[in-house]
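Heads up: the structure comes next, in structure tokens.
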Amino acid sequence: MHCRRVRSAIFLFADGQLAGELRVAFRHHVDTCPHCLRELEAAERLLALLRRRCRREHAPEHLRTRVVTLLASAPRRPMEEEDV
């Protein structure tokens with residue numbers, strides 16, 4: 001895994017959303033790259049701050065529907081094992 005790929009997945013990893021070989025490859029890269037490790041640590045601090053400071057508010061139903069619709073129609077490329 002390369003730095004560019006790690007940076008694109010840093011918040012997914014910090015939030016526990018990477019699994020399997022992707023998680024292993026990510027962790028290995030971060031363990032050997034001081035720059036990416038610093039970025040991961042910053043992402044983890046930011047997520048911790050957001051969790052402490054942000055109240056959980058329920059979005060109005062019309063907003064939730066709009067967001068889900070926009071996400072469903074957006075082109076996306078999932079992280080795949082071959083990208084490791």
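The values are calculated or read from the model by the stated rules, or taken from the named source; none is laboratory data. Here the structure is a predicted model, which means the values were calculated and not measured. In this analysis, Cβ positions are derived from the backbone assuming ideal geometry, glycine residues included, and neighbour counts consider all displayed protein chains.
Miscellaneous remarks
- Filtered by the rule that a residue be surrounded by 10 or more Cβ atoms within 10 Å (Cβ to Cβ) and either within 28 Å of residue 6 (Cβ to Cβ) or at pLDDT below 75 (or both), segment 64-84 gives 67, 79, 83, 84.
- The set of residues in segment 13-41 that are of a type in the set (Asp, Glu) and in a helix (DSSP H, G or I) comprises 21, 31, 39, 41.
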